[in-house]
Each structure stands twice: as C-alpha cells, then as structure tokens.
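Scroll down for the structure; my scribbles are underneath it.
Just so it is clear, none of the values below were taken in a lab; they were calculated from the coordinates. All values derive from a computational prediction rather than experimental measurement. A quick note on method: Cβ atoms are made from the backbone with ideal geometry, for glycine too, and the neighbour counts reach across all protein chains shown.
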Amino acid sequence: MALAAVLAGNAIGLASRPIAVAPLPALRVDLTAATRRLAAAVRIKTISYDNPHEAGAVAFAQLQELLARSFPNARRLLQREIFNGAGLLDAWHGSDPALAPALLLGH
C-alpha cells in the first residue's frame, strides 16, 4: 500500500515538457486510391502458420508484388529482407548512422 502511495505521488508530481516545433504542411492523401490499394491487399488470402511449409507462398508473393506496384518509391528507397519466404523487413537508412534507429511495425 505504501509503495502504491509513493508511485501515485511521483506520478502526480511529473510535469509534461512539450517541445515547440514548427507544424508540418498538410499531407494530401488520395483517399480513393488508398482505399483501392487496401481493398486489393485484403483480397489476397495471406495466412501464416507455425509451419512455414503450410503457408501459401503464392499469396505472399502476390502481396509483395502488389506492395511493389502500389508503392514504387518505397520499394526503390528501402532495403528489403524477406524472412521465411513471407515476412518482410524494409530498412530505411538515414543520413546519420550515429543516430539511434527507429522501429515501425505493422501486422
């Protein structure tokens, strides 16, 4: 109980330290095209299994082709590694290798 009180007291005493940054320009998104790309991806029956031999290699290859067609700039700029024939890891190397990496995940 005492530990909970100490933790609550510490949490209440924390202050937010916002950083002033200039706003980015508005991003224009073609919602119709984005919807079409998402619909096309969802139609591909990619199902993963514990046993990689059970996975539908054709479906995963179709998804990889769709991603390459839908996002040609990303495909051109990113370094891709494929794991177990289906798992994708796209690396976007920055201009300063001394900086800490960031990891963005999707499932």
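General remarks:
- Restricted to the range 1-89, the set of helices (runs of 4 or more DSSP H) holding at least 2 residues that are more than 23 Å from Leu104 (Cβ to Cβ) comprises 2-13, 31-43, 57-70.
- Looking across the range 68-107, just one residue is small (Gly, Ala, Ser) and at positive phi, and that is Gly85.
- Total residues in the range 20-71, condition closer than 14 Å to Asn84 by Cα and either among the hydrophobic types (A, V, I, L, M, F, W, C) or surrounded by 12 or more Cβ atoms within 10 Å (Cβ to Cβ) (or both): 12
- When the residues of the range 72-81 are filtered to those that are surrounded by 13 or more Cβ atoms within 10 Å (Cβ to Cβ) and among the aliphatic types (A, V, I, L, M), the one that is farthest from Ala40 (Cα to Cα) is Leu78.
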